[in-house]
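Chemist: Just dropping this structure here.
The values are calculated or read from the model by the stated rules, or taken from the named source; none is laboratory data. Source: prediction; values computed, not measured. Quick reminder, even Gly has a Cβ in these numbers, built from the backbone with ideal geometry, and neighbours come from all protein chains shown. Heads up: the accessible areas ignore ligands, DNA and RNA and are worked out on the full protein's heavy atoms, side chains in. Shrake-Rupley method; radii C 1.70, N 1.55, O 1.52, S 1.80 Å.
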Amino acid sequence: RDPRTASDVIIQFLAFRHHDTLNAPANLQSMYFTFQFYHFPPTTSDMAFLVQPKPQVAAPVTTGQPGAANPVPDDDAVQSTRLLITNHPMKKGAGVVLKYEVDGSTGPLSAGQDLTAAAYEAHMAFAGYLGGRALSVDVWDGESLLQV
């Protein structure tokens with residue numbers, strides 16, 4: 001048995017790329033996210049503002065193979081990608097970051113159950129949750145408050 005029964009889960013949203021099939025305006029300025037993860041209450045993220053990344057001049061990257069070229073990203077895709085920035089002073093440039101701590105050793109014990117067994121069972125239940133579930137994230141327009 002693994003004695004480590006605590007898990008830190010970080011969900012991070014860094015960028016948004018508009019696509020024609022989305023039900024979202026092309027000039028979206030801000031957004032936020034809602035979802036429910038594991039046994040935690042429903043989560044609403046901080047508002048994130050969409051900003052155009054600053055173009056950087058970089059040397060071409062090669063694979064080291066003669067005649068091989070790395071794929072160049074589609075200009076439309078690059079132009080439509082926006083970085084997510086929050087107003088939180090400690091999270092500048094990190095996008096939207098949400099952190100969850102899952103620790104089976106801190107929950108209530110059943111009658112006759114010791115702490116080690118309870119922590120292990122909770123850890124295995126969390127691993128089963130991660131293996132068998134998918135996280136659905138709702139994206140919302142920050143100005144109109146309509147779902148994207």
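Chemist: Just to make sure I understand: if all protein chains stay in place, what is the order of Asp20, Asp141, Asp103, Asp8 by accessible area at 1.4 Å, largest first? All intermediate terms of the calculation are to be shown ahead of the outcome.
Modeler: On the way: Asp20 140, Asp141 15, Asp103 55, Asp8 105 Å².
I get Asp20, Asp8, Asp103, Asp141, largest accessible area first.
Chemist: Would you calculate the separation in nanometres between label points at Leu135 and Phe40, each defined as 7 Å from the Cα along the Cα-to-beta-carbon direction?
Modeler: Result for the modelled spin labels: 0.7 nm.
Chemist: Lys and Arg at +1, Asp and Glu at -1: add these up for the other residues within a Cβ distance under 11 Å of Phe33 and post the number.
Modeler: Net local charge, Phe33 excluded: -2.
Chemist: May I ask for the net charge around Gly142, where only other residues with Cβ less than 15 Å from the Cβ of Gly142 are counted and Lys, Arg are +1 while Asp, Glu are -1? Intermediate results must be reported in sequence, preceding the final value.
Modeler: Values: positive: Arg82; negative: Asp46, Asp138, Asp141, Glu143.
Result for the neighbourhood of Gly142: -3.
Chemist: Excluding Pro53 itself, what net charge comes from residues whose Cβ is under 12 Å from its Cβ, given Lys and Arg +1 and Asp and Glu -1? Show your work: numbers first, answer last.
Modeler: Details: positive: Arg17, Lys54, Arg82; negative: none.
Residues near Pro53 contribute +3 overall.
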